[in-house]
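All remarks here apply to the structure that follows.
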There are 2 protein chains.
Amino acid sequence: MSDYANRGATRRRLIDVAIELFKQHSVAGTSLQMISDELGLTKSAIYHHFRTRDELLSAVMEPLITEVTAIVDAAEARRGVRARADHLLGGYAALAVSNRELVALLTGDPGVVALLRTRPDWSAVIERQMALLADVDPGVGGKVKAALVMSGIASAAGVEYGDVDDATLQHHLVTAGRRALGLRVPHGGG
Amino acid sequence: MSDYANRGATRRRLIDVAIELFKQHSVAGTSLQMISDELGLTKSAIYHHFRTRDELLSAVMEPLITEVTAIVDAAEARRGVRARADHLLGGYAALAVSNRELVALLTGDPGVVALLRTRPDWSAVIERQMALLADVDPGVGGKVKAALVMSGIASAAGVEYGDVDDATLQHHLVTAGRRALGLRVPHGGG
């Protein structure tokens, strides 16, 4: 393996181990030291890739935020508040289902909340995402429903239901989300 | 102040400081050492009240679990799955609204999940609570909706919406939850 590929493989292992430890201890409860101990690496070997836990957390979150941005952009291009909310809901449920544990893990973690405070570009995307759902019902009721649906989808996607395929899980998440927001549920949408 | 009252006051301060630190660092990211540092107490002064972080976390959760148990008992005494789900929903939303930050904080925290594994009596109450909602729609769809509604209510209750009174917030949480579960929403419940 070339040095470059090797470096990439170590970076990937660091990210994978970080996700495992975040699950067990939350982001805030995981230190770079714990990650290096788990991998049997020295701290300086990790510093080569990530200088702080937040740099590592950013690398975990970056691909998710990129996907959310694409969904938000596409939703905002639709005509009508209901079509926009519906597009966002479908896209977000698909993202949560493809990253079941990760999205549940990151939602509401104080370490993620703290990182978002330092990343106004990411916070702005999340605010646009909430607004797309909240705009269905202007006022505080719409905001409460939007918060319930976004957090609810993220958490419910991470629950173990036994043998449930992605399409079925996504269908139920979207149906519940549509109903909560007062959007039309297609016939047979159980 | 008597020794007894003094002891009670210290215990209360420990719990209050623990909740503040849990909010900032998650449960898993908070140690007894951090709590003693914050209060300017020695670790042995804390040990007098709580031997481990989990003992302290149990003291934080105990009153909430007691309330949830009462709600679950009352809901199970109702006749019909929909009436039962509706009772649970109303009670849980009221509990979440009266403890806005605490319930949001504890939902999904890995430290809480780990503690629940050691408390089968508490886990059983939470399972009965989920079953009361999931039974509205037997099968995986009902389970997904129940998970979405429970986590969604807990998280959405902890969001800052500006000046919203408890009754309004509770009304919106219950309405969104009823809709997501496919329960009847009273006229004007928008």
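The values are calculated or read from the model by the stated rules, or taken from the named source; none is laboratory data. Values in this document were obtained by computation on a predicted structure and should not be read as measured data. Cβ sites come from the backbone with ideal geometry, for glycine too, and all protein chains shown count toward neighbours.
Just a few scattered comments:
- Taken over the stretch A:12-32, the criterion of being under 16 Å from the mean Cα position of the chain (by Cα) and modelled with pLDDT under 90 is satisfied by A:Lys23, A:Ser26.
- Of the set (1) farther than 19 Å from B:Ser123 by Cβ; (2) outside the structural domain of B:Leu106 (by TED's automatic domain parsing); (3) in contact (Cβ under 8 Å) with a residue 40 or more places away in the chain, all apply to B:Ala28 but (1).
- Among residues of the stretch B:41-52 being modelled with pLDDT of 90 or more and surrounded by fewer than 14 Cβ atoms within 10 Å (Cβ to Cβ), the one that is farthest from the chain's Cα centre (by Cα) is B:Arg51.
- Checking each residue in the stretch A:138-168 for being outside any helix (DSSP H, G or I) and more than 7 Å from chain B (Cβ to nearest Cβ) picks out A:Pro138, A:Gly139, A:Gly158, A:Glu160, A:Gly162, A:Asp163, A:Asp165.
- Filter result (assigned to a loop (DSSP other than H, G, I, E, B) and either within 14 Å of chain A (Cβ to nearest Cβ) or among the acidic types (Asp, Glu) (or both)) within the stretch B:1-35: B:Ser26, B:Val27, B:Ala28, B:Gly29, B:Thr30, B:Ser31
- Which listed residue, of B:Val144, B:Val164, is buried (at least 19 other Cβ atoms within 10 Å of the Cβ) and either over 13 Å from the mean Cα position of the chain (by Cα) or under 14 Å from A:Ser151 (Cα atoms) (or both): B:Val144
- Look at (1) of a type outside the set (Asp, Glu); (2) surrounded by 20 or more Cβ atoms within 10 Å (Cβ to Cβ); (3) more than 14 Å from chain A (Cβ to nearest Cβ); (4) over 22 Å from B:Glu20 (Cβ atoms) and you find that B:Ala85 fails only one, number (3).
- No other residue among A:Glu101, A:Glu67, A:Glu127, A:Glu38 is part of a helix (DSSP H, G or I), within 28 Å of B:Leu105 (Cβ to Cβ) and not assigned by TED's automatic domain parsing to the domain that holds A:Arg184 apart from A:Glu38.
- Near pairs, Cβ below 6 angstrom, 6+ apart or cross-chain, from the stretch A:108-128 (at the interface with chain B (Cβ under 9 Å from one of its Cβ atoms) and over 15 Å from A:Val60 (Cβ atoms)) to any residue that is among the aliphatic types (A, V, I, L, M) and in a helix (DSSP H, G or I): none
- Among residues that are in a helix (DSSP H, G or I), surrounded by fewer than 18 Cβ atoms within 10 Å (Cβ to Cβ) and at pLDDT 95 or above, B:Ala74 is included.
- Summed over the stretch A:3-62, residues that are among the polar types (S, T, N, Q) and farther than 22 Å from A:Arg119 by Cβ total 7.
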